[in-house]
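**Q** Quick one: the structure is below, questions incoming.
Derivation of every value follows stated rules applied to the coordinates shown; laboratory data play no part. Everything quoted here is computed from the prediction, not taken from an experiment. All Cβ positions, glycine included, derive from the backbone under ideal geometry; neighbour counts span all protein chains shown.
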Amino acid sequence: MFGTPVAAALKDNFPDARLTYWTHESLFGLLKLCTSIDALAPFDRKAGILAQRRQLNELNADLIVDLVGSTRTKLITLFNKAPVLTHNKSQFKKRTDLHIVDSMFSTIAPLQLPERKNKYPTLKPDLSLLQTISEPAYRAKQEGKRLIALVPSVGIFRPHRAWPIDKWIQLIEKMKSDTTIYPILIGGKEDMEICQKISDAFNGKVLSLAGTLSLPETASILASCTSVISADTGPAHLAVAVGTPVLGLYGPTLPQRNGPYGNPTIDKCNECKCGSSKFCLLTPHHGPGVCMQQIEVPDVLT
């Protein structure tokens, strides 16, 4: 999602060019929603560098844009007959004020393209899928209610980035006092337990779609929503890509680097001793970090 504005800028300036994304097949469903991309080629991550280099050569590109910028991708693009523009990953790591989107976009700076006013949205999901995906959400939308997606879980690897479950419950209680709001819980399979606990607090009367949606279906749901509230996790950036306003809740990670691009955040990073770390250094247990616990429900409502 961070790299799709590069594809959009290239297509804007070279409309007759054929843009091929060489990436993991698991992302094909999402990338098919990007109207700037003409073709998708599968990247075999298990293949050796020489085999991957052959794969790339077979694409017969006139220009290669390496948005990864790792040692491996530099070796893969080495000796290719086409010119290569490579993301300066080391520069991004050094700068705390540079968003990953802008860092990736700078990869094509040598082309001297006109400045693109808006980098997003870049994906165009099928909004007609809403009824198929969730009949209750579709009915609520038809009744004129505002669908608001809540992303309460951040996966299993970095739990310190999460906002406490009890505060999500308090937030929903406040939101449900407004009958025009219809909250929806969004997440992957690893998020089902947390979303179910929140839904159970309302006797199942809060819709949870965690673990039930494909990535393209998630994009369609997020595009159908009025807004999204999320901590630092994938659906926040997917919401940006489909053009839905996002409120990001951030603690140990820097929103100016990894926040929902162009959208507001509630940021406790500068107030925390472990600011800019990937993990909360003050929270030894498996759960939300100290800084995330300091984000209050009234602030989110405001």
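**Q** So which residues in segment 245-262 are under 21 Å from Pro125 (Cβ atoms) and buried (at least 24 other Cβ atoms within 10 Å of the Cβ)?
**A** Correct list: Val246, Gly248, Pro260.
**Q** From Thr73, Thr107, grab the single residue that is crowded, with 18+ Cβ neighbours inside 10 Å, in contact with a strand residue (DSSP E or B) (Cβ under 6 Å, 6 or more places away or on another chain) and touching a residue at least 24 places away in the same chain (Cβ under 8 Å).
**A** Just one listed residue meets the conditions, Thr107.
**Q** Are any residues in segment 161-193 touching a Leu at 6+ places or on another chain (Cβ under 9 Å), more than 29 Å from Gln142 (Cβ to Cβ) and in a helix (DSSP H, G or I), and if so, which ones?
**A** Of everything in segment 161-193, just one residue is touching a Leu at 6+ places or on another chain (Cβ under 9 Å), more than 29 Å from Gln142 (Cβ to Cβ) and in a helix (DSSP H, G or I), namely Arg161.
**Q** Sticking with this one: Please find, among Ala149, Ala140, Ala162, the residue that is surrounded by 14 or more Cβ atoms within 10 Å (Cβ to Cβ), among the aliphatic types (A, V, I, L, M) and in contact with a Cys (Cβ under 7 Å, 6 or more places away or on another chain). Step through it out loud before you land on a result.
**A** Values: Ala140 fails: in contact with a Cys (Cβ under 7 Å, 6 or more places away or on another chain); Ala162 fails: in contact with a Cys (Cβ under 7 Å, 6 or more places away or on another chain).
After ruling out the rest, the residue left standing is Ala149.
**Q** Might you let me know whether segment 34-47 holds any residue that is farther than 30 Å from Thr244 by Cβ, in contact with a Leu (Cβ under 8 Å, 6 or more places away or on another chain) and crowded, with 19+ Cβ neighbours inside 10 Å?
**A** No: segment 34-47 contains no residue that is farther than 30 Å from Thr244 by Cβ, in contact with a Leu (Cβ under 8 Å, 6 or more places away or on another chain) and crowded, with 19+ Cβ neighbours inside 10 Å.
**Q** State which residue is nearest to Leu150 (Cα to Cα) when the search covers only segment 223-244 and only residues that are assigned to a strand (DSSP E or B) and among the polar types (S, T, N, Q).
**A** By that ranking, first place goes to Ser230.
**Q** For segment 83-94, which positions are surrounded by fewer than 14 Cβ atoms within 10 Å (Cβ to Cβ) and either in a loop (DSSP other than H, G, I, E, B) or among the β-branched types (Val, Ile, Thr) (or both)?
**A** Pro83
**Q** Under the condition of being in a loop (DSSP other than H, G, I, E, B) and among the polar types (S, T, N, Q), which residue from segment 97-151 is farthest from the chain's Cα centre (by Cα)?
**A** Filtering segment 97-151 for residues that are in a loop (DSSP other than H, G, I, E, B) and among the polar types (S, T, N, Q), the one farthest from the chain's Cα centre (by Cα) comes out as Gln112.
**Q** Scan segment 190-207 for residues that are in contact with a Ser or Thr (Cβ under 9 Å, 6 or more places away or on another chain) and in contact (Cβ under 8 Å) with a residue 24 or more places away in the chain and jot them down. Show your work before the answer.
**A** Quick first cut of segment 190-207, residues in contact with a Ser or Thr (Cβ under 9 Å, 6 or more places away or on another chain) only: 190-196, 198-199, 205-207.
Of everything in segment 190-207, those that are in contact with a Ser or Thr (Cβ under 9 Å, 6 or more places away or on another chain) and in contact (Cβ under 8 Å) with a residue 24 or more places away in the chain turn out to be Glu190, Asp191, Ile194, Cys195, Ile198, Val206, Leu207.
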